[in-house]
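What follows is a single structure, written as structure tokens, with notes after it.
The values are calculated or read from the model by the stated rules, or taken from the named source; none is laboratory data. This one's a predicted model, so the numbers in the text were calculated from it and none came from an experiment. Heads up, the Cβs are rebuilt from the backbone with ideal geometry, glycines too, and the neighbour counts pull from every protein chain shown. Side chains are part of the model used for accessible areas, which takes the heavy atoms of the whole protein and leaves out ligands, DNA and RNA. Shrake-Rupley method; radii C 1.70, N 1.55, O 1.52, S 1.80 Å.
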Amino acid sequence: MSGERGRGLVLHALAALILAGGVVWWWRAAPSQAVDDRLLGWRRAAEQLLPEVGGLELSNTIALEPGPGHEEVVGVEPGDFLISAVCAGAEGSRVRISLGSGESGRGLPCSGFRTPQVFSVGLAGELHMLLRAETSGPVIFRYTLQRAIG
């Protein structure tokens, strides 16, 4: 093996070693995603209370933190719909659901005996919901949307 070839081999080996070290460092330095076990349990509870069934236009499960809220905007065909909603969270937690800009909304308890709340709405092409956790701590909110029959 010539000296030139040997130096090239050493340089390639060092470059591979540095690359491998960088990958290991990057992997270990990445922040871990802390998962709150309560959120997983609350998500399962909300999905059991309001399961996926046939005939739904859409459904969604959202983790809400306290603060300004979450805006859910979804395009739909115009018509009359039933919205079913449920939330799960710590003792005394609540979510406020508002469907219009001038409406204060409905409060929905997230603890204790929870049953899905169902209400009818007429939509002209868009579902616009503002969701806000009224208490401290995260909560899980789940809703379904289906066409009203009749």
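With 0.36 nm allotted per residue and the present C-alpha distance subtracted, the Val74-Ile149 stretch has 24.9 nm of extension available.
Based on the alpha-carbon gyration tensor of the chain and its eigenvalue square roots a ≥ b ≥ c, which shape applies: rounded if a/c is under 1.5, prolate if not and a/b is larger than b/c, or oblate? Each step should come with its number before you reach the end.
On the way: a/c = 3.51, a/b = 2.50, b/c = 1.41.
Here the chain falls in the prolate category.
Answer rounded, prolate or oblate for segment 1-72, using the Cα gyration tensor with square roots of eigenvalues a ≥ b ≥ c: rounded when a/c is under 1.5, else prolate when a/b is larger than b/c, else oblate.
On the way: a/c = 4.44, a/b = 3.32, b/c = 1.34.
Taking the square roots of the gyration eigenvalues as a ≥ b ≥ c, segment 1-72 is prolate.
Candidates Trp42, Leu131, Val24 compared by Cα position along the dipole of the chain: farthest toward the positive end lies Val24, with charges placed on Cβ.
Express as a percent, rounded to the nearest 5, the fraction of DSSP beta bridges in the chain (both residues included) that run antiparallel. Please report the intermediate quantities before stating the final value.
Working: 38 of 39 bridges.
Taking every DSSP beta bridge with both residues in the chain, the antiparallel ones total about 95 percent.
Each residue of segment 127-144 is assigned a 3J(HN,Hα), and the resulting list reads 8, 10, 10, 10, 10, 9, 6, 7, 10, 6, x, x, 9, 10, 10, 10, 9, 10 Hz, derived from the Karplus form 6.51 cos²θ - 1.76 cosθ + 1.60 (θ = phi - 60°), x at Gly and Pro. The angle between the Cα long axis of helix 37-49 and the main principal axis of the chain comes to about 40°, on a 0 to 90 degree scale.
Proximity of backbone amide H atoms, modeled 1.01 Å from N, is registered between Leu58 and Leu145 at under 5 Å, excluding neighbours fewer than 5 places apart on the same chain.
Carbon-plus-sulfur accessible fraction, the chain (probe radius 1.4 Å, protein heavy atoms only): 57%.
State to the nearest 20 debye the size of the charge dipole of the chain about its Cα centre, where the only charges are +1 on K and R beta carbons and -1 on D and E beta carbons. Let's see the in-between values first.
Numbers: 13 positive and 15 negative charges, 119 e Å.
Taking the Cα centre of the chain as origin, the dipole is about 580 debye.
With contributions of -39500 (n - 2.57) from each DSSP H run of at least four residues, the per-residue ellipticity at 222 nm computed over the chain stands at -9000 deg cm²/dmol.
In Å², what does the accessible area per residue of segment 1-133 work out to with a 1.4 Å probe? Intermediate values should be presented prior to the final figure.
Values: 8900 Å² over 133 residues.
Heavy-atom accessible area per residue stands at 67 Å².
Taking the C-alpha atoms only, the angle from helix 3-29 to the longest principal axis of the chain is near 30 degrees.
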